[in-house]
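Dropping a structure here in structure tokens format, bear with me for questions.
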């Protein structure tokens, strides 16, 4: 289909700018790793800690597994490695084939979001 109609000789012009708002940059996509990748990195960190201690362990894990720790910044990758290390027991005890790690605390109680607690977040109408 062309800009002009051959029967009537009418030319349609489209506006060049659809919006007066500047275009915003899109956010980076969320990076999701499987439980198997969590286990692989945590098992390596356990072996490294046994052999060399924990000094520099998180940075070495990030360097060793760049496909797993693929966030935009190194600080985010180091924070991810540290978080996985703190949750290592939960990660290693997750059943084989599980898609996600449970959000339930030890003893079966569900984790409570801070925004749910009275006095936190915006006021709700009564």
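The values are calculated or read from the model by the stated rules, or taken from the named source; none is laboratory data. Remember, it's a predicted structure, so these values are computed and weren't measured experimentally. Cβ: placed from backbone, ideal geometry, glycine included. Neighbour counts: every protein chain shown.
From the list 43, 39, pick out the single residue that is modelled with pLDDT of 85 or more and in contact with a helix residue (DSSP H, G or I) (Cβ under 7 Å, 6 or more places away or on another chain).
39
Taking the criterion of being at pLDDT below 65, surrounded by 10 or more Cβ atoms within 10 Å (Cβ to Cβ) and not in a loop (DSSP other than H, G, I, E, B), would at least one residue in segment 98-107 satisfy it?
yes
Could you list, in sequence order, all residues of segment 51-70 that are exposed (fewer than 11 other Cβ atoms within 10 Å of the Cβ) and assigned to a helix (DSSP H, G or I)?
Hit for segment 51-70 is 51, nothing else.
For segment 71-97, which positions are in a loop (DSSP other than H, G, I, E, B) and modelled with pLDDT of 90 or more?
Scanning segment 71-97 gives 73, 87.
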